[in-house]
Amino acid sequence: MKISVIVPIYNKVEYIERCFRQLLAQDMDDIEVVAVDDGSTDGSGDLCDQLSGDARLRVFHTPNQGVTAARRYGVEQAQGEYIVFVDSDDELLPGALRTLYDAISQTSADEVIATFCTHNGIQSPVVYQGEVNPTDLVRAIIAGKNRFPVLWAAIFRRTILEGCLDTPRDIIEGEDKLMQVMVLMKRPRVWFINDCVYRYTLGVPNTRRRTLEREMLYDRLLRQTLAPQWSELHSAFVLHQLKEYEKFICDGHMEVRHNYYIKAIGTLPAGIPLYDRVVWALPPLLSRPVIKLYRTIIQIKQHRL
C-alpha cells in the first residue's frame, strides 16, 4: 500500500459524501481511505458505514476523544507507506495524491508540503520552494508567521510520525501545529512544491476556545518539544506566547497583560518587534483597543486568501 489518507470525523454529516467522493476519485489505485468516526452524534458514523462499499474505504468508530486521538488511531490502522491527512469538511483536489506521491518518492523526502486554495479558488501564497531547513519552519510556525499548510496539503513518510500524535485531549486548538513542530524537531528532509492539492472550507463553524489553563499546558508541551534547540528557538517561542496572550487581552482579560504579557516581552533576548514595543509601553486601557485593531487587520488579511 502506497498511501493511507486519514480522515477524522466528528459531526460533519453534510460534508462527508463530498469528501469521500473526491478521495475515491483520485488517479491512484494503491491507496486507502481510513475514516475515523470520533463518536459523532449527528449520523456521521452511519453515513460512513453506508458509503463504505468501496474496498478502498475503511471505516472505524471510536468513543469521542478529540481530533488528535482520531488521527492517531487512523495512523495506527493505516497500511500505507505514506500518510496524508484530510479534514472531513475539506476536499482533496483531482490528481492530488499522484502529485504528492511523485514528489516525495522522487525527492526521497520525509515530508512534502504543497499549497491549498480556499472555497472561492484563491490559492495560498508560495512561500518556499524545494528543500527547506526544518528549524526555519519551526521558527515560522511557533512565531505565527507561517503561510504554508502545517498538516493538510502535505504527505508524510509514515515512520516520521511516530510519537508525534500523542497530544493530550485538553489541547483543542493548535494541535495540528504542535504535531508538525514535533515532526520537524526530528530534523526530517522537507520539500515544498508549488502545486495546489487541497481545497480548504472557510466559514465552517468552530466553537472551540482555548482557556488560559489550556494555553499554559500548550506552552509547556511546546517548550518541552523545543528543548533540544532552545537557544535557537527561544525568541520565536516568546513571540508565540505574546500572540496568544493578546487573544485573552482582546477578550478583556487584562490580568493576562499584567501577569504574563509584560513578563514575556521582558524575556525576549533581542529584536522585539516595533508593534510589541508600542503595546508594551501603553497603559492597559489603551493597549486593549490597539491589540484588538491589530488582530482585526490580521484576520481580514487571512480571509482574503
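The values are calculated or read from the model by the stated rules, or taken from the named source; none is laboratory data. The shown structure was predicted, so the numbers you read here are calculated from the model rather than taken from an experiment. With ideal geometry, Cβ positions are generated from the backbone for all residues, glycine too; neighbour counts draw on all protein chains shown.
Listed values, structure above:
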read-out	value
Neighbours by Cβ (under 9 Å, 6+ apart or cross-chain): first from the range 100-129, assigned by TED's automatic domain parsing to the domain that holds Asp27; second at pLDDT below 85 and surrounded by 18 or more Cβ atoms within 10 Å (Cβ to Cβ)	Thr115/Ser124; Phe116/Ser124; Cys117/Ser124; Thr118/Ser124
Pairs, first assigned by TED's automatic domain parsing to the domain that holds Ala70 and small (Gly, Ala, Ser) in the range 150-179, second in a loop (DSSP other than H, G, I, E, B) and surrounded by fewer than 22 Cβ atoms within 10 Å (Cβ to Cβ), C-beta under 6 Å, six or more apart	none
Leading residue by the ranking (surrounded by the fewest Cβ atoms within 10 Å (Cβ to Cβ)) among those in the range 159-195 that are touching a strand residue (DSSP E or B) at 6+ places or on another chain (Cβ under 8 Å) and closer than 17 Å to Val5 by Cα	Ile160
Failed item, numbered, when Gly163 is tested on (1) part of a loop (DSSP other than H, G, I, E, B); (2) at pLDDT below 90	(2)
Failed item in (1) within 30 Å of Met1 (Cβ to Cβ); (2) crowded, with 18+ Cβ neighbours inside 10 Å; (3) free of Cβ contacts under 8 Å to residues at least 24 places away in the same chain; (4) of a type outside the set (Phe, Trp, Tyr), with Gln241 passing the rest	(1)
Set Ile249, Ile265: member being over 26 Å from Glu175 (Cβ atoms), surrounded by 16 or more Cβ atoms within 10 Å (Cβ to Cβ) and either at pLDDT 80 or above or out of contact with any strand residue (DSSP E or B) (no Cβ under 8 Å at 6 or more places or on another chain) (or both)	Ile265
